[in-house]
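Some notes on the structure that comes next.
The values are calculated or read from the model by the stated rules, or taken from the named source; none is laboratory data. All of these numbers come straight from a predicted model, not from anything done at the bench. Here the Cβ positions follow ideal geometry from the backbone for every residue, glycine too, while neighbour counts run over all protein chains shown.
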Amino acid sequence: MVNFDDTNTIGTPAVDIVRVLVLEKRTNVIEVLETINKREAKDSFDNGLLKARLQSLFWEIQGMLIRKEKADEIKKIIFSEKPSYKDLVEAFSTINQSLDTIRLTRIDTKTQVDTRRVKNVNDHI
């Protein structure tokens, strides 16, 4: 969690703080999904906490989702009266893919190099 009382936070660019907040909210959603998945009957579980955390994550990244034209479909699901567990997971999956597209959650960032063909790689540099 970001500590706004820390003096180091002042020198941190706002975009970095927002990135950390988005990742924190994403982690919160994943934790709720873990809790729900531990239970046998997903249909009998109250999806309220999952819905609330998805809404919180949505508000944090709403601008990005609007630019990617995914905001309406996600908003329709997570702000509906009684969304199903399946619909909420689908909405989270769409959000997750959007965060990967902007490279916020991407972990495979190394360029794959075929070591057998080093000459071709050097020619492109």
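If the Cβ limit is 8 Å and pairs must be 6+ apart or interchain, which residue in the stretch 68-82 that is within 15 Å of Arg53 (Cβ to Cβ) pairs with which residue that is of a type in the set (S, T, N, Q) and surrounded by 12 or more Cβ atoms within 10 Å (Cβ to Cβ)?
Listed pairs, sorted by first residue: Ile74/Thr94; Ile78/Gln55; Phe79/Gln55.
What is the one condition in (1) more than 15 Å from the chain's Cα centre (by Cα); (2) of a type in the set (Phe, Trp, Tyr); (3) at pLDDT 90 or above that Phe4 does not satisfy?
(3)
Taking the condition of being assigned to a loop (DSSP other than H, G, I, E, B), modelled with pLDDT under 85 and closer than 13 Å to Val89 by Cα, how many residues in the stretch 35-79 meet it?
Residues flagged as assigned to a loop (DSSP other than H, G, I, E, B), modelled with pLDDT under 85 and closer than 13 Å to Val89 by Cα within the stretch 35-79 amount to 0.
Checking Glu60 against (1) of a type in the set (D, E, K, R); (2) out of contact with any helix residue (DSSP H, G or I) (no Cβ under 6 Å at 6 or more places or on another chain); (3) under 17 Å from Val20 (Cα atoms), which test does it fail?
Result: Glu60 fails condition (2) only.
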